[in-house]
Amino acid sequence: MARLASVADLEKLRQEIVAARDPGKTKIAICSGTGCRAYASEEVIAAFRAELDQRSLADKVEIVTTGCHGFCEQGPVLVIYPEEICYLKVKPEDVAEIIDQTLVGGQVIERLLYVGPDGEQKVKESEIPFYHHQQRLVFGSNRFIDPCNIDDYLALDGYRALAKCLTEMTPEEVLAEVDRANLRGRGGGGFPAGRKWAATRNAPGDIKYVIVNADEGDPGAYMDRSLLEGNPHSVLEGLVIGAYAIGAHLGYIYVRQEYPLAVDNLGRALEQMREYGLLGKDILGSGFDFEIEVHRGAGAFVSGESSALMSSIEGKVGEPRPKYIRTSISGVHGRPSNLNNVETWANVPLIINKGADWFTAIGTEGSKGTKIFSLVGKVNNTGLVEVPMGVSLRDIIFKIGGGIRGGKKFKAVQTGGPSGGVIPEEMLDLPVDFDALTQAGSMMGSGGMIVMDEDTCMVDVAKYFLEFLAEESCGKCVPCREGITQMLHLLRLICNGEGQPGDLELLEEIATMTKDCSLCALGQSAPNPVLSSLKYFRREYELHIEEKCCPAHVCKALVTYHIDPNKCRGCGACRRNCPVGAISGEKKQPHVIDLDKCTKCDTCFMVCPPKFSAVTKLSGSEQLPAAAPAGEQEQ
Amino acid sequence: MLGTVDRIIDSYGARQEALVQILLDIQHELRWLPRPVLERVAARLELPLNLIYNVTTFYKHFSLVPQGRHSISVCVGTACHVRGASRLLGRVSEALGIKPDETTADEKFTLKTVSCLGCCALGPVMVLDGEYMSNPNSTDIAELIEKCE
Amino acid sequence: MAEVNLVINGEQVRAQEGMSILEAAREADIFIPTLCHHAEIDAYGACRLCVVELRQGDRSRVVASCLYPVAEGLVVETESEKIKNYRRTILNLLLQRWDNIPRALLDRYGAAPNPRYVENMTFCILCGLCVRYCRDVKGANVLGFIGRGTIRQVVVFPDQAMKYCPTCGNGEMECLHYCPTGVITSDYQGTGPANGQPLPHAYPVCIRDETNILEILERVGHLEY
C-alpha cells in the first residue's frame, strides 16, 4: 500500500474498504480481550476457524477477533452480525452447534443466550440490561474492530477527525474546540485538557512533546488496557491531533510492560500508520511531521505521576520531581510536555468529529462526556462499563451491574483506587462526576469501581491499600514513607486484635499531615483510603479495637472456624480437603475443627456443600447457635 | 550471556535514555539480572553502577535473583482482594513453603503477586505458567504443584 | 536579578528573584527547620520539615519552603499552629529511625517518641545529603539509593569507595560532614572511620539497617566486596 498523500487519498481508500465489505455477510465478533482470553476464548476462535474450513464456509462467514466487549462476567462473549445475536460463556464444544443451528439453520440457541435474574432471555446484545443502560461512545467500537487491522478502524470513519484537523482547522481552532468541550483528564485529577494543551503550546521552546499515560496503576482497573488492546488507533488518532494543536513532533506512549498484548497491538498499529502515511513526515500531505515512540514501564505505580513518568521516559528512576513547576513548562528533557491518559486521548477524535456542542450536551455541569469504569468486586456483572457523567452509583451497580453477588447486602463502593476512598450505602444516589466524588472524600481516579458487600472488612481494605502504597511509594519524602509505614503498622495492630484506644486519633493525625505535606500526588492522596473509611465506617474500626471483633469475618486473627453441629451431616468434604489435618469426625456425624491446628486457610468453608453450609466463622463474642436438643438431629 | 547483553544494548544504539528498555529486554531473555550483566550495562552506557542499582531495585519487574522454572502468580488487585485473594495467597504460600517474591530451594517455583490481570470476573485468580485458575482450594493447589515437572 | 517583596510572619522581607522561601527567610534571620537541606547542594524536598503556609485571603496552602520560589506579594507563615503540628508529627515519625534528633528541635515542637509506632532505628533518615554530595559535588558515585518505598536505603558501592574515598578530603571523607545524624561517622559495630577504616566495610551506610533486599543481593553475589 502506498502512502496516502492527501485527505482525498484517505477518503478514496476508505470507500474502497467499505465497498469491499458486504454488510449482509455473516460476521462473528469474538471477544479476545484479557478477560475472555482467561476463559479460553482463543480456543473458541480456533475451533470456529477449523470448523468453518472443514465445511467450506470460511469465505461465507467472517471471524473478527476483537478487543474487550466489556461483559467479562459472561465470557467468552461473541456477537453474530447482522442479526446481533449475542452468545455468552461460549465453549469450544459449542462451536459446531452454533454453526449448524444458527449460521446454517437460522435458529437461536437458547442455552447460550443471556438470562436475566427474572429468567427472561435476551437475544440481541443491545437488549441485555448490562449494555442497554450504557452509552458506549469511546468503548463501543471495540466490538467491531480487529485491533490488528487498521482498515477496520478506517471503515468506522477512523482518522477522519485527524484529516479534518490537518486540512480544515488551524492548531488554534483544534485547541479551542477541545477547550470548549471541557474535556477533563480521565486519569485521575480531572484537570481540563484544553487548559493543559494551551499551557504546553504557549510555553517557550521549539521542541515539545505529547505523551500517552498508559501506566494504569490502579490495582483494580483495566479500562485503559482494554482500550489500548482493543482500539489502539482511537488513542493514536487523538494523540496526533493533540500534537498538531500543541505543536509537538514527537510523542511518547508510556505503557506498562505487564500489558504485553497492548504493547504488541500498539506496535502493529504504529507500523500500519507509518505504512499509510498517517505517521512520519508530511502526514496526509499537510506538511505536519510527527513520530511516536513506545516506552515500556517496568512496574512502578508512582511512575503514573506525570513528572515521575517523564523521568522514566528519560531512562531514570521514576521518582516525582520536587520542583514547583508544571510539566507543561518543563517536562521530558526539560521541554514542555503534555501528558494525558489513554481514555482522554481517545475522546479527542469524537470531539473533533461531532463538535464540542455535542460533547457538552452529555454529562453534568462540571463533567462532560462519558466515563469508562471497571466495575468489579462483589457485583453480579463484572465488566467494563461506559456511562455518561452524572449517572448515579446506584444505577451503575444495580441496573448495569445487576446488584450484589449471592444475594448479599451492599456495603460500600471504592472508587479512585489507592488514591480514592469508600462510599457507603447512604450515598449511592451520588451522581458520578469528578467534583461529587471528590466532595464525598473519594475521587474519580482512572475509573476503578470496586463493589463491596457485608463480607468485606473496611479496616482490612484500608490496610490493603496502605500495603500497596508502602511498596509503591518511591520512599523519598518523610510524610509519605514514614507516614505510610506507621499508618500501616497501626492498621495491622488493629486487624490483629492489638488495637488500643487512641489509635484512631493517631491515624488521623498522621493522615492529615501526610495529605498536606507529601511531595507528590501519591503521598498526598495516600491517606484517603484510611480517612474515608474512618469517616463512614468508624464503628467497624471501634469494634476491632474494643471488642476484638471483625464483623465481616475477614481479619484472620479475629476469626475462628467452627462447624455447626446442627448443620453438619458428616459428608467428610472438609476433613478430606483440610491441608493440615485439623478436622476430625466420623462419617455421617458432625465434624469438629481443632482450633490449635487450624491455619484459617478457608478451604473447609469453600468445600462445605452449600446445602449444608455448616462451616461457620465467628469473631468477637459471637457464638455458634445452641446445639439442638438430643434426638432432633436424627429426624 | 554478555553477547546477548551487547546485542540488546546495540539495538538501542547504547543510548543512556534507553536504560530501562534495555534492562527490560535483558530481563526478558535471561529472566534475571546477574551482577556481571549490570556491570556491562554500566560500562557500555557510561553510567555509574549506583544508578543502575537504583533503577533495577526501583522497578518491580527487574529481578536480581534467579527465577524458578515455573511461575505462580496470585492476583492481589483490589477486586481479587475483596473476594479473598489473601486467603488464596496464604494457601499457595503454604503449599510451596515460600513467601511471595521467593523461589523454592530446588528453583522449581517462583511465587509472585501481581496487581490486576484484567480478568476480575474470575477473581481471586491464580496463574500457573500462563494458565488461569479461579480460587483453587488447598487440594487443587497441591494437585497442580504435583503435576509440574 | 530583580528584587521581590514578600511577607514572612507579618514581616516585610526583600529577596532576589529565583531564591527559595527558605533562602529568603534565612537571610532575614527567620528560623525554618530543615534536615535534608544544605546550601551547597541542590534543594531536595524530602524531609518536609521546612513546610510553611502560604496565605491567599482566607485560603492557605502548605508548601516546602526549600523549593518554593519567592514571588512578589507572597504571604508566608512559618510557625502557624498547623505547621507546628505537622512538624511535631514529622519529628515523631523520624524519631523511629533516629532517636538522637537534637533536643532543641524536639522541644520546640513538643515531639516525643510514640510507643504505638514501629521502630526502625537505622540512624539514616534518607535525607540523601551524602548521596547527593558524593554524586553531584564530587562526581564520585560511591553512595547510592536502592529499593523503593518503605525499604529504600543508602548503600556503599565498595569498588567505587576504594577508588575515591581514600583521597576525598585528604582521607577525611567530606560526606561525613553532611550527614545530619552522624551515622556515617558512628561506630556501632566497630567499623567506620573512627576505627581507621576508609568507610564502613559493611554496606549499607547506616550500619544498623539490615533489610531483606541486602541479604538477597549478598546471597547472589551482587554488591560483593
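Scanning the stretch A:331-384 for residues that are touching a strand residue (DSSP E or B) at 6+ places or on another chain (Cβ under 7 Å), buried (at least 22 other Cβ atoms within 10 Å of the Cβ) and charged (D, E, K, R) turns up A:GLU343, A:LYS371, A:LYS378. Exactly one condition in (1) within 12 Å of chain C (Cβ to nearest Cβ); (2) modelled with pLDDT of 90 or more; (3) surrounded by 21 or more Cβ atoms within 10 Å (Cβ to Cβ) is not met by B:LEU47; state its number. It fails just one condition, (3). The set of residues in the stretch A:199-225 being touching a Leu at 6+ places or on another chain (Cβ under 6 Å) and in a helix (DSSP H, G or I) consists of A:MET223 alone. Would it be correct to say that A:GLY297 is in the same structural domain as A:ARG160 (by TED's automatic domain parsing), crowded, with 24+ Cβ neighbours inside 10 Å and touching a helix residue (DSSP H, G or I) at 6+ places or on another chain (Cβ under 6 Å)? Answer is yes for this residue.
If you go through the stretch C:95-132 and pick out every residue that is basic (Lys, Arg), in a loop (DSSP other than H, G, I, E, B) and under 21 Å from A:LYS476 (Cα atoms), you end up with 1.
State which residue is farthest from the other protein chains (Cβ to nearest Cβ) when the search covers only the stretch A:34-83 and only residues that are more than 30 Å from B:GLY123 (Cα to Cα) and hydroxyl-bearing (Ser, Thr, Tyr). That would be A:SER56.
Screening A:LEU103 against (1) in contact with a Leu (Cβ under 6 Å, 6 or more places away or on another chain); (2) under 21 Å from A:GLY24 (Cα atoms) leaves a single unmet condition, (1). Is it the case that A:THR616 is of a type outside the set (Asp, Glu), in a helix (DSSP H, G or I) and away from chain B (no Cβ under 14 Å)? No; evaluated as a whole, the condition is false for this residue.
A quick yes/no check of all residues on (1) crowded, with 24+ Cβ neighbours inside 10 Å; (2) touching a His at 6+ places or on another chain (Cβ under 6 Å); (3) modelled with pLDDT of 95 or more:
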residue: A:VAL387; (1), (2), (3): no, no, yes
residue: A:SER392; (1), (2), (3): no, no, yes
residue: A:PHE398; (1), (2), (3): no, no, yes
residue: A:GLY401; (1), (2), (3): yes, no, yes
residue: A:ILE404; (1), (2), (3): no, no, yes
residue: A:GLY407; (1), (2), (3): no, no, no
residue: A:GLN414; (1), (2), (3): yes, no, yes
residue: A:PRO418; (1), (2), (3): yes, no, no
residue: A:PRO424; (1), (2), (3): no, no, yes
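Entry remark, the stretch A:51-82: residues being among the acidic types (Asp, Glu) and assigned to a loop (DSSP other than H, G, I, E, B) number 1 in total. When the stretch C:79-98 is filtered for residues that are farther than 17 Å from A:THR512 by Cβ, within 14 Å of chain A (Cβ to nearest Cβ) and not hydrophobic (A, V, I, L, M, F, W, C), the ones remaining, listed by number, are C:GLN96, C:ARG97.
Taking the criterion of being among the acidic types (Asp, Glu) and at pLDDT 95 or above, the residues of the stretch B:4-20 that qualify are B:ASP6, B:ASP10. Flag set for A:ILE583, criterion: within 14 Å of chain B (Cβ to nearest Cβ) and modelled with pLDDT of 95 or more. I'd like the full set of residues that are outside any strand (DSSP E or B) and within 26 Å of A:GLN486 (Cβ to Cβ), limited to the stretch C:133-178. Those that are outside any strand (DSSP E or B) and within 26 Å of A:GLN486 (Cβ to Cβ): C:GLY147, C:ARG148, C:GLY149, C:THR150, C:ILE151, C:ARG152. When A:SER374 is tested against (1) in a strand (DSSP E or B); (2) out of contact with any Cys (no Cβ under 9 Å at 6 or more places or on another chain), only condition (2) is not met. If you go through the stretch A:478-498 and keep only what is more than 7 Å from every other protein chain (Cβ to nearest Cβ) and buried (at least 24 other Cβ atoms within 10 Å of the Cβ), you end up with A:CYS480, A:MET487, A:LEU491, A:ILE494.
With respect to the stated conditions, A:SER306 fails to be in contact with a Ser or Thr (Cβ under 7 Å, 6 or more places away or on another chain), within 14 Å of chain B (Cβ to nearest Cβ) and polar (S, T, N, Q). For the stretch C:1-45, enumerate the residues that are in contact with a Cys (Cβ under 7 Å, 6 or more places away or on another chain), under 18 Å from C:LEU126 (Cα atoms), of a type outside the set (Val, Ile, Thr) and in contact (Cβ under 8 Å) with a residue 24 or more places away in the chain. Passing the criteria: C:PRO33, C:LEU35, C:CYS36, C:HIS37, C:ALA43, C:TYR44.
Rundown of residues vs (1) charged (D, E, K, R); (2) more than 7 Å from every other protein chain (Cβ to nearest Cβ); (3) not in a helix (DSSP H, G or I), yes/no style:
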site: B:GLU29; (1), (2), (3): yes, yes, no
site: B:LEU33; (1), (2), (3): no, yes, yes
site: B:PHE62; (1), (2), (3): no, no, yes
site: B:SER73; (1), (2), (3): no, yes, yes
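Here is the figure for the stretch B:100-118: residues that are within 14 Å of chain A (Cβ to nearest Cβ) and touching a residue at least 12 places away in the same chain (Cβ under 8 Å) total 8. Scanning the stretch A:582-601 for residues that are more than 40 Å from the chain's Cα centre (by Cα) and surrounded by fewer than 17 Cβ atoms within 10 Å (Cβ to Cβ) returns A:SER584, A:GLU586, A:LYS587, A:LYS588, A:GLN589, A:VAL592, A:ASP594, A:ASP596. Residues of the stretch A:566-579 include at least one that is touching a helix residue (DSSP H, G or I) at 6+ places or on another chain (Cβ under 9 Å), over 22 Å from A:ASP460 (Cα atoms), in contact (Cβ under 8 Å) with a residue 60 or more places away in the chain and surrounded by fewer than 18 Cβ atoms within 10 Å (Cβ to Cβ).
Would you be able to say whether some residue in the stretch B:10-18 is in contact (Cβ under 8 Å) with a residue 40 or more places away in the chain, of a type in the set (Gly, Ala, Ser), at the interface with another protein chain (Cβ under 10 Å from one of its Cβ atoms) and over 24 Å from C:ASP159 (Cβ atoms)? No, because not a single residue in the stretch B:10-18 is in contact (Cβ under 8 Å) with a residue 40 or more places away in the chain, of a type in the set (Gly, Ala, Ser), at the interface with another protein chain (Cβ under 10 Å from one of its Cβ atoms) and over 24 Å from C:ASP159 (Cβ atoms). Listed by first and then second residue, the pairs with beta-carbon distance under 7 Å, at least 6 apart or on different chains, first residue in the stretch C:137-157 and within 9 Å of chain B (Cβ to nearest Cβ) and on the phi > 0 side of the Ramachandran plot, second buried (at least 22 other Cβ atoms within 10 Å of the Cβ) and basic (Lys, Arg), form an empty list. Within the stretch A:446-477, being assigned to a helix (DSSP H, G or I), facing chain C (nearest Cβ under 7 Å) and touching a residue at least 12 places away in the same chain (Cβ under 8 Å) holds for A:ALA470, A:GLU472. Mind listing just one residue for me: the one in the stretch B:119-132 that is crowded, with 21+ Cβ neighbours inside 10 Å and within 7 Å of chain A (Cβ to nearest Cβ) and, of those, nearest to A:ARG405 (Cα to Cα)? Of everything passing the filter in the stretch B:119-132, B:ALA121 is nearest to A:ARG405 (Cα to Cα). Evaluating A:THR170 against the criteria (1) in contact (Cβ under 8 Å) with a residue 60 or more places away in the chain; (2) more than 23 Å from A:THR370 (Cα to Cα) leaves one unmet condition, (1).
The values are calculated or read from the model by the stated rules, or taken from the named source; none is laboratory data. Just so it is clear, the model here is predicted, and its values are computed rather than measured. Don't worry about glycine lacking a Cβ; one is built from the backbone with ideal geometry, like all the others, and counts go over all protein chains shown.
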